[in-house]
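These notes are about the structure you will find just below.
The values are calculated or read from the model by the stated rules, or taken from the named source; none is laboratory data. Values in this document were obtained by computation on a predicted structure and should not be read as measured data. A quick note on method: Cβ atoms are made from the backbone with ideal geometry, for glycine too, and the neighbour counts reach across all protein chains shown. Side chains are part of the model used for accessible areas, which takes the heavy atoms of the whole protein and leaves out ligands, DNA and RNA. Shrake-Rupley method; radii C 1.70, N 1.55, O 1.52, S 1.80 Å.
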Amino acid sequence: MAQLGKSIDLYLMDGTAAGRWQATLSNWNCNSYKIQRADLKNCDDLPELHAPGVYFLLGRDDESGQQFVYVGEGDDALKRVMQPHTFEKDGSYWTEVVILVTPDGSLDKAKIKYLENRFHQIVVTTNRYMIKNGNTPPQSPVQKKVRDMLEEFIMNTQLIMPALGHKVFEPQPSADKDELDELLYFSRSQGKGGQATGKIADDGFWVLKGSYIYPHTADYLPSGVVKARQRYVDLIDNQGILQRDISFGSPSYAASFVCGKNSNGLTEWKTKDGVTLKDLNENAAGNGKKARKVKMEKPAPVQTAISSSTPEGVEILHLASKKLTAKGYISGEALVVLKGSQMSTGLRQSCRAWVKTHRNELIKSGKVVEFVFAEDVSFSSPSAAAAAILGGESNGLILWKNDGGKTLKELLTK
């Protein structure tokens, strides 16, 4: 049976993106609220938050620049959120909270304790956010019927959280390490002074697992990098190899962490073709500066430039990697991928079941033939379209761009 699409409704409760958000998912008996810490005092109009629920306190660690999360639960979710938490004693300051409650109050104590434990397990496994829980929350025993229902609750939450701006349940970037055109490389002294693979994401600059971290540090190394070396010392084995991905606030801090000396990350991080990060940024900004010329393999041409059924006046968007190109346009809340666009022949290592099922259905129905779209296909969102094309979950708001190089996110914001 084909995987059915889902609709996420985002309601800006205060009429602005800076205010409170409510998110609902089709056919799911749960309301999710994203609330800035400063707005909690204005939630008297939300009595439904005074019910059993689970919550996520989110912020950024000052020393490492890494995003953090605290997973909690409470019989009165809002009241518990507003109470002090042990992790705050070290000066950590969370800035917003995501609260999950059911309109009918069906989340009893046993259920929210089960959810708290499972969410904690997932955050620990993904390792994308620093976790502020001091201990692993205990898991309440529940019947199999209830457990299956709660596992579905968890899967729905994994869909909702990225829509609220948090990848807390997403795998680390190294899970997509096969996407070579997205990776950057650092090498100091022909690798003897540090050699690493990096990746830019919307939650920081990541140094990926398997990088070689030079063991010595210079006296003039910035204190923040020194503290990062101390904090992550257990993640570097005796051969200097990094054992998991680490996120930094800037490419220069990431490069300095790798080589143990001051480093200009904009010039030392490069693509596999030798293009510096600085040149990539300048090209993306279109500021007219001449970037280093390198021989790049051109993507295979799209068989049909623009479908004849494309409505007049729409802005054509492009999604391109080294291996493929695709075109589409926005239609209401959907994104229509045009006939002749290409789809990757393989799947990413982190590809989820719904993406694989959707791709198989497109091929089985004849809408995609030999990994080329045989007709225009409408997707529920830009990210759903990008995931089907690239073979794994992707941020369509960043990957889809217009002829001028502006991302869909920039176009929608403007």
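Provide the FRET efficiency to the nearest 0.05 for the Thr24-His85 pair, computing r from the beta carbons and using R0 = 25 Å.
Computed FRET efficiency for Thr24 and His85: 0.35.
What nm value, rounded to one decimal, do you get for the distance between Thr95 and Ile363 when each label is placed 7 Å out toward the C-beta?
Distance between label points: 4.2 nm.
Distance check, please: which entries in Lys6/Lys79; Lys167/Lys199; Lys209/Lys406 exceed 20 angstrom between their Cα atoms?
Flagged as over cut-off: Lys6/Lys79; Lys209/Lys406.
Taking R0 as 25 Å, what's the FRET efficiency between Asn264 and Gln239 from their Cβ-Cβ distance, rounded to 0.05?
0.40
Quick one: among Phe248, Phe379, Phe56, which has the greatest mean-square fluctuation in a GNM of the chain with alpha-carbon springs under 10 angstrom?
Phe379
Between Ser250 and Gln121, what is the label-point separation in nm under the 7 Å Cα-to-beta-carbon projection?
Using points 7 Å along Cα→Cβ, the separation is 4.1 nm.
Among Arg147, Arg359, Arg229, which one moves the most in a GNM of the chain with springs linking Cα atoms closer than 10 Å?
The residue that fluctuates most here is Arg147.
Rank Met13, Met161, Met149 by accessible area, highest first, at a 1.4 Å probe radius?
Met149, Met13, Met161
If Tyr232, Tyr11 are ordered by their accessible area, calculated over protein heavy atoms with a 1.4 Å probe, which sequence runs from highest to lowest?
Output order, biggest surface exposure first: Tyr11, Tyr232.
Using a Gaussian network model of the chain whose springs link C-alpha atoms within less than 10 Å, name the residue from Pro251, Pro47, Pro137 with the highest mean-square fluctuation.
Looking only at Pro251, Pro47, Pro137, the biggest GNM fluctuation is shown by Pro47.
State whether the chain is rounded, prolate or oblate according to the following rule on the C-alpha gyration tensor (a ≥ b ≥ c being the square roots of its eigenvalues): a/c under 1.5 gives rounded; otherwise a/b larger than b/c gives prolate, and the remaining case gives oblate.
Oblate, since a/c reaches 1.5 and b/c is not below a/b.
For a quick check of your reading of the filter: which GluC sites (Glu not before Pro) in segment 325-414 sit in a DSSP loop and have no more than 16 other Cβ atoms within 10 Å?
Those satisfying the criteria are Glu333, Glu370, Glu375.
Rounding to the nearest 20 debye, state how big the charge dipole of the chain is about its Cα centre with +1 on each Lys and Arg Cβ and -1 on each Asp and Glu Cβ.
1300 debye
Helix-only mean residue ellipticity at 222 nm, the chain, DSSP H runs n ≥ 4 weighted -39,500 (n - 2.57), per residue, nearest 500. What is it?
Result for the chain: -7500 deg cm²/dmol, rounded to the nearest 500.
Ranked by accessible surface with a 1.4 Å probe, highest first, in what order do Tyr55, Tyr214, Tyr70 come?
Tyr214, Tyr70, Tyr55
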